[in-house]
Amino acid sequence: MAENATAPRPGLTLTVKGEDLNLRGEGIARWQGWVLVIPELLPGELARVQLVQRRRSQWIGRRLETLFAAPGARTPPCILARRCGGCTLQHWDDAHQSAWKRDRLVQTLSRIGGLHHPVDPLEPSEMGQPLGYRNRALLPLQRDAEGQLRLGYYKRGSHQLVNLNHCPVLDPGLDELLAPLKADLQATGWPADADLHQGDGLRHLGLRLATRSREVLITLISSTAELPGVHRLAQGWCDRWPQVKGVTLNLQPRRTNTVLGPQTLTLAGAGSVEEQFCGLQLTLASTTFFQVNTTEAERAVRSLSQWLLSQAGPIAVIDAYCGIGTIALPLAAAGHSVLGLEVHQASVEQARRNAEHNGLTGVRFLAGDVQHHLAEALPQHQALVVDPPRKGLDPAVTEQILACPPRWLAYLSCDPATLARDLARLAGPEAPYRIHRLQPFDFFPQTSHLECLALLERVSS
Ligand SMILES: C[S@@+](CC[C@H](N)C(=O)[O-])C[C@H]1O[C@@H](n2cnc3c(N)ncnc32)[C@H](O)[C@@H]1O
């Protein structure tokens with residue numbers, strides 16, 4: 001097809017240079033004013049591509065041939081990386097991934113928030129672990145037409161399962177269990193279908209590892225408890241692998257995107273593992289939310305804790321969106337008096353048990369929506385920590401902070417776009433806060449996700 005054509009159409013082949021990546025890690029190039037989205041095209045790469053289809057104002061294409069490789073291009077460490085949807089950046093080396101992630105954060109803060117505060121360098125983890133970092137996996141299961149059990153993540157942009165025996169981003173303590181667990185589940189003959197299209201049965205395999213103690217918890221997620229021989233199998237796993245502290249069965253009969261259901265039964269051993277985090281002992285059950293990259297989460301919490309202590313010494317702090325107290329408990333251990341707010345009742349109960357277990361008396365937890373408790377709590381506290389989900393702060397929560405701004409504010413974000421939006425309101429030209437520090441953390445190497453800790457101080461009320 002002619003390269004000098006002026007109108008894009010399916011089948012047209014072009015020579016383009018990769019300019020950037022989108023949030024899904026797909027390459028972005030430009031041609032005749034059009035934005036082209038080309039999976040796996042890297043910034044700086046020159047390639048022959050073919051247009052496939054139009055998606056709104058963009059054209060989707062595929063790479064036919066690399067003419068000039070991008071700086072940092074590499075063969076992915078995982079042989080399934082090009083198909084599996086679990087990772088998006090494995091074909092780029094770690095230094096380029098980090099530089100691009102930080103750059104995207106800088107640009108997002110500027111474009112959405114009008115913020116131009118310097119952003120710290122994105123330092124590699126102290127453990128230097130761009131692979132083997134995940135302490136948790138929830139893997140869909142499916143038995144194919146021949147009765148073979150398949151286990152793996154879905155193919156990018158589809159619901160097709162990519163069958164795997166190894167996953168190099170999983171902690172090796174979990175990765176080594178994948179193949180033998182799959183073989184044992186294959187031998188049971190139990191039906192398996194994550195989507196329940198083939199009726200009741202197994203849906204997912206859940207694995208959790210306590211990074212420091214190396215204890216493992218195995219969870220079978222199923223729509224039914226009718227799994228003949230399941231107790232014997234579970235006990236067998238505990239006997240065979242001493243690091244496996246327990247096996248649980250989580251029942252999720254509903255057809256929903258929520259993987260875990262409300263009921264969990266312990267089949268063998270214990271229903272939880274013991275993790276050490278920031279010097280504390282945390283009990284983690286199979287359904288507990290806990291950061292998947294223990295060492296990076298610990299770095300972020302330590303940085304926040306040191307900043308607060310250096311600013312003020314022990315003070316009264318609110319930890320909003322506190323989960324099981326991953327931030328609140330270390331702050332209490334550092335001497336602060338802490339109030340944790342969390343909507344998920346089971347997490348609050350877990351947080352209270354963890355506080356008691358560690359002898360921490362200066363911390364209490366309230367179950368409920370942040371926006372229902374924050375306004376009342378703010379006047380009695382000097383600092384507020386927020387660690388909201390990806391959608392960021394609810395506008396009502398931002399309003400409450402602006403109405404009664406505590407002296408110090410720390411915002412741990414997992415989405416640069418919502419962070420930029422919220423900081424624009426809290427630390428824009430007319431706002432009460434000034435940014436003291438913006439510190440990115442890579443909790444999810446090999447993907448386009450990036451966490452950022454923003455430390456702010458009130459300069460006007
Ligand atoms: C990103 S997680 C952070 C959890 C915790 N800080 C940690 O590091 O493990 C966000 C937490 O906010 C909770 N959450 C979401 N919306 C909430 C709301 N409106 N009010 C209170 N908690 C909420 C979720 O249940 C989840 O535990």
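Please treat every number below as a calculation from the coordinates, not as lab data. Just so we're clear, the structure is a prediction, and the values are computed from it rather than from any experiment. Using ideal geometry, Cβ is built from the backbone for each residue, glycine included, and neighbour counts are taken over all protein chains shown.
In the chain, helical runs assigned H by DSSP with n ≥ 4 each contribute -39500 (n - 2.57); averaged across all residues and rounded to the nearest 500, the mean residue ellipticity at 222 nm is -8000 deg cm²/dmol.
With a cap of 13 neighbouring Cβ atoms within 10 Å, and only residues DSSP puts in a loop, list the trypsin sites (Lys or Arg not before Pro) found in the stretch 364-395. Don't jump to the answer; show the numbers that get you there.
On the way: sites: R364, R390, K391; in loops: R390, K391.
Taking the stretch 364-395 and a limit of 13 other Cβ atoms within 10 Å, the loop trypsin sites (Lys or Arg not before Pro) found are R390, K391.
Under a Cβ-Cβ cut-off of 10 Å, what is the net charge of the residues other than G261 that fall near it, where Lys and Arg count +1 and Asp and Glu count -1? List each step's numbers first, then the result.
Values: positive: R203, R254; negative: none.
Result for the local shell: +2.
Converting phi to 3J(HN,Hα) with the Karplus coefficients 6.51, -1.76 and 1.60 and the offset θ = phi - 60°, the stretch 19-26 yields 10, 7, 10, 8, 5, 8, x, 8 Hz in sequence order, with x at every glycine or proline.
With no solvent and one equal point scatterer placed on each C-alpha of the chain, evaluate the Debye formula and give log10 I(q)/I(0) for q = 0.09 Å⁻¹, two decimals. For the requested q values the scattering log ratios are -0.68. The distance separating the Cα centre of the stretch 412-438 from that of the stretch 281-313 comes to 21 Å.
Out of all DSSP beta bridges with both ends in the stretch 13-68, state the antiparallel percent to the nearest 5.
Values: 21 of 24 bridges.
In the stretch 13-68, DSSP labels about 90 percent of beta bridges as antiparallel.
In order along the stretch 323-337, phi translates into HN-Hα couplings of x, 8, x, 4, 9, 4, 5, x, 5, 5, 5, 7, x, 6, 9 Hz, rounded to whole numbers, per the Karplus curve 6.51 cos²θ - 1.76 cosθ + 1.60 with θ = phi - 60° and x for Gly and Pro. Close amide H partners of V244, meaning residues 5 or more places away or on another chain with modelled amide H under 5 Å apart, are V216. Centre-to-centre, using Cα atoms only, the stretch 362-378 and the stretch 65-135 are separated by 36 Å. Amide H contacts of D319 (H built 1.01 Å from N, in plane; Pro and chain starts excluded): L339, G340, L341, V385 sit under 5 Å, all sequence-distant by 5 or more or on other chains. Taking every lysine pair in the chain that is 8 or more places apart or spans two chains, those with Cα atoms closer than 29 Å amount to 7. Taking amide H as placed 1.01 Å from N in the peptide plane, the amide H of L267 sits under 5 Å from that of V247, T248, L249, each at least 5 places away or on another chain.
Converting phi to 3J(HN,Hα) with the Karplus coefficients 6.51, -1.76 and 1.60 and the offset θ = phi - 60°, the stretch 415-427 yields 8, x, 5, 6, 4, 4, 4, 6, 5, 4, 6, 8, 10 Hz in sequence order, with x at every glycine or proline.
In the chain, the DSSP beta bridges split such that about 70 percent are antiparallel, to the nearest 5. For the stretch 95-203, GluC sites (Glu not before Pro) meeting the loop criterion (DSSP other than H, G, I, E, B) and having at most 11 other Cβ atoms within 10 Å: E126, E146.
Loop-located trypsin sites (Lys or Arg not before Pro) in the stretch 246-340 (DSSP state not H, G, I, E or B) with no more than 11 neighbouring Cβ atoms inside 10 Å: R254, R255. Here the label points at R56 and D369, each 7 Å from Cα along the C-beta direction, are separated by 2.8 nm in the simple model.
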